[in-house]
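A.B. asks: This structure is in structure tokens; I'll ask about it shortly.
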Amino acid sequence: FFGQLWNWIDGAIILTWLISVASGSFPVDPTLLRVARLARLLRLLKVLHTFRSLDALYIITTALRGNFSILAWACVLFFIVQMALALLVTNVLTNSYLADESVALTDRQAVYVYFGTFTRSIYSMFEITLANWPPVSRLLAENVSEWFMLFGVLHKLAIGFAVVSVVNGVFMQETFSVASSDDRVMIQKRNRLLQTHKKKMKRFFNLADKSKNGSIDMEEFKKMTEHKEVSAWLASMELDVSDPKKLFNLIDSVKRDGTVSLEELIYGVGRLKGPARSLDVACLMEEVKDLKTLLLGQGVCLSSKDDQEESVQMSFPPVKEELGPGDTLWG
């Protein structure tokens with residue numbers, strides 16, 4: 001019981017409630033602590049990967065967790081930039097406009113609402129950057145100076161467009177990076193691709209199996225690949241169908257009985273489509289090494305090309321050395 005963190009939180013909530021009831025006052029409202037218990041719902045995120053319909057929600061929560069550091073640095077960057085601009089604007093308006101008695105009081109009050117203090121000014125700068133910027137900029141342009149039109153446009157282009165777009169791009173890049181590197185997301189993506197591949201091959205198998213005997217022979221496979229639509233469909237899956245006979249033999253490389261079942265079709269096409277993988281090249285090199293070892297064990301000499309040419313020349317000496325002075329090749 002005492003080893004669970006949530007039990008300690010529940011105990012603290014009950015203890016604060018008892019203290020508040022006994023003393024009549026407590027610095028922390030127990031109701032707020034009860035709201036904190038809602039954080040237990042976050043434990044449901046651990047089981048989201050078991051539900052296929054919640055894959056998108058799991059990706060969102062995973063990306064948000066991975067982007068937390070970027071969010072923190074983006075907030076720091078925005079706060080520093082907006083703080084500097086807020087101090088600048090507040091200082092200019094306080095010295096040249098808000099303290100000017102010749103300006104109408106209503107106009108100064110309208111500007112004071114947005115830039116009268118540092119907190120009002122920094123809040124207005126965030127509003128210009130991330131929200132509706134024309135009303136604030138137009139207020140400064142109409143009541144203070146038209147130069148604030150240029151300030152509003154440049155601020156929107158530099159901060160509200162360029163910087164915000166860069167931050168959004170970093171968020172998107174990190175989201176894709178997190179989604180592509182997460183183990184659960186990769187497994188789910190692989191399973192979805194496998195299920196899609198099985199559905200496609202099952203549809204192809206049902207159309208090709210004209211005899212309905214549960215297998216495809218060479219003629220049935222060749223007839224299917226002769227259709228332009230089927231050839232284009234297979235080519236879209238990066239499967240070369242230029243030689244149907246060779247392709248069929250490669251798919252039927254397990255049993256080699258002249259027929260292909262649905263399981264063989266799914267496995268064979270999945271293995272052959274696309275470019276050569278590093279695993280395929282490595283397996284081929286290992287097989288070549290094993291073949292070379294086997295030939296050497298049988299006493300076969302595997303020499304280089306130059307050595308082979310030299311041995312051929314030694315086996316067949318020049319003709320003129322074997323013929324007499326008056327002899328010819330035709331007697």
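A.B. asks: So how far apart, in nm, are the two label points at residue 256 and residue 142 if each is 7 Å from Cα heading toward Cβ?
C.D. replies: 8.8 nm
A.B. asks: Using a probe radius of 1.4 Å on heavy atoms only, what accessible surface per residue do you get for region 152-222? Whole Å² is fine. Mind showing how you got there, number by number?
C.D. replies: Numbers: 4690 Å² over 71 residues.
Each residue of region 152-222 exposes 66 Å² on average to a 1.4 Å probe.
A.B. asks: I would also like to ask the following. If you filter region 118-174 for GluC sites (Glu not before Pro), then keep DSSP loop positions with at most 11 other Cβ within 10 Å, what is left? Mind dumping the intermediate values first?
C.D. replies: Details: sites: 127, 142, 146, 174; in loops: 146.
Here the sparse-neighbourhood loop sites are 146.
A.B. asks: Once you have the Cα-Cα distance between residue 132 and residue 79, take 0.36 nm times their residue separation minus that, and quote the gain in nm to one decimal. Please list the in-between numbers first.
C.D. replies: Details: separation 53, 0.36 × 53 = 19.08 nm, distance 1.83 nm.
So the extension gain works out to 17.2 nm.
A.B. asks: Moving on. Pop out the carbon and sulfur fraction of the accessible area of region 162-242 as a percent, whole number, probe 1.4 Å. Let's see the in-between values first.
C.D. replies: On the way: 3130 of 5520 Å².
About 57 percent, which is the carbon plus sulfur part of the accessible surface.
The values are calculated or read from the model by the stated rules, or taken from the named source; none is laboratory data. Quantities reported herein were computed from a predicted structural model and do not represent experimental measurements. Here the Cβ is made from the backbone with ideal geometry for all residues, glycine too, and neighbour counts use every protein chain on show. Surface areas here come from the heavy atoms of the whole protein model, side chains and all, with no ligands, DNA or RNA. Shrake-Rupley method; radii C 1.70, N 1.55, O 1.52, S 1.80 Å.
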